[in-house]
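Chemist: Below: one structure in structure tokens.
The values are calculated or read from the model by the stated rules, or taken from the named source; none is laboratory data. What you are looking at is a predicted structure, and each value in this text was computed from that prediction instead of being measured. Every residue, glycine among them, receives a Cβ derived from its backbone with ideal geometry; neighbour counts consider all protein chains shown.
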Amino acid sequence: MSQIVIVEDSERIAAFVAKGLRAAGYQPTVVGTAAEAVEAGLGGAFDLMILDLGLPDGDGMEVARTLRRHGSSIAIIMLTARDSVTDTVAGLEGGADDYMAKPFRFEELLARVRLRLRSSAVSESDAVIRWGDIALDMRSRRARVGDREVELSAREFALAEVFLRHPGQVLSREQLLSRVWGYDFDPGSNVVDVYVRYLRRKLGTELITTVRGMGYRCG
């Protein structure tokens with residue numbers, strides 16, 4: 001049974017989410033502070049965290065950044081009243097795997113919980129993916145080039161993962177937007193090109209080849 005920690009200082013919302021998760025077959029635990037959230041995330045007992053941003057002793061985004069900085073790979077869904085694109089981007093870049101705005105439908109939250117738990121169940125043979133001297137550790141979410149560890153944001157890591165899982169395959173900007181950014185971004189956005197430049201700078205220019213008029217290819 002998957003263990004889920006709900007980080008929410010509203011007793012009403014926490015009870016509502018916990019009741020729904022319990023009915024769906026999960027084991028929820030509720031905590032109400034940033035300090036408790038960090039302790040739960042680093043303790044290794046939980047498979048997923050539903051994280052509110054407005055906490056009495058700190059900000060949920062800092063909780064996510066702290067967990068990622070200390071190597072935690074717990075799946076994080078941010079649940080918050082802040083629903084601007086800027087806030088969404090900040091949350092995802094800070095280490096969240098998904099972001100939902102309040103008010104929300106529990107059925108949608110449950111669907112996202114199921115998706116993130118499936119995504120985080122990485123098999124041992126799939127724990128590290130490689131291309132040349134580049135390695136991505138899917139459990140610790142860390143990247144290496146040879147013997148050197150490279151710091152990637154959550155979005156950079158996700159984009160690098162897509163490329164390394166599809167070596168030699170031409171991926172269009174629309175495919176990359178769909179797989180890495182989901183529905184939050186306009187298909188006409190240049191965000192893919194921007195992040196490709198980031199990856200080339202951090203992981204090496206030879207990783208990603210531009211296929212003019214079509215998209216990008218790993219190698």
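Chemist: Identify all residues within segment 171-182 that are in contact (Cβ under 8 Å) with a residue 24 or more places away in the chain and within 19 Å of I129 (Cβ to Cβ); write none if there are none.
Modeler: L171, Q175, L176, V180
Chemist: Just the residues that are part of a helix (DSSP H, G or I), surrounded by fewer than 18 Cβ atoms within 10 Å (Cβ to Cβ) and in contact with a Ser or Thr (Cβ under 8 Å, 6 or more places away or on another chain), please, taken from segment 26-43.
Modeler: So the first thing to find is which residues in segment 26-43 are part of a helix (DSSP H, G or I), and the list is 34-43.
From the residues that got through so far, the ones that are surrounded by fewer than 18 Cβ atoms within 10 Å (Cβ to Cβ) too are 35-36, 39, 42-43.
L42 - this is the single residue of segment 26-43 that is part of a helix (DSSP H, G or I), surrounded by fewer than 18 Cβ atoms within 10 Å (Cβ to Cβ) and in contact with a Ser or Thr (Cβ under 8 Å, 6 or more places away or on another chain).
Chemist: All but one of (1) polar (S, T, N, Q); (2) modelled with pLDDT of 80 or more; (3) closer than 30 Å to I13 by Cα hold for Q175; which doesn't?
Modeler: With (1) polar (S, T, N, Q); (2) modelled with pLDDT of 80 or more; (3) closer than 30 Å to I13 by Cα applied to Q175, the lone miss is (3).
Chemist: Looking at (1) among the hydroxyl-bearing types (S, T, Y); (2) farther than 24 Å from I74 by Cβ; (3) at pLDDT 90 or above, can you tell me which one Y195 breaks?
Modeler: Only one criterion is unmet by Y195, namely (2).
Chemist: What residue, of R22, R68, is exposed (fewer than 14 other Cβ atoms within 10 Å of the Cβ) and not aliphatic (A, V, I, L, M)? Spell out the reasoning first.
Modeler: Numbers: R68 fails: exposed (fewer than 14 other Cβ atoms within 10 Å of the Cβ).
The unique qualifying residue is R22.
Chemist: Could you please find all residues in segment 109-119 being modelled with pLDDT under 85 and surrounded by fewer than 17 Cβ atoms within 10 Å (Cβ to Cβ)? Step through it out loud before you land on a result.
Modeler: Just the residues of segment 109-119 that are modelled with pLDDT under 85, to begin with: 115-119.
Correct list: L115, L117, R118, S119.
Chemist: Could you please let me know if E156 is modelled with pLDDT of 85 or more and within 13 Å of the chain's Cα centre (by Cα)?
Modeler: On the way: modelled with pLDDT of 85 or more: yes; within 13 Å of the chain's Cα centre (by Cα): yes.
Yes, satisfied.
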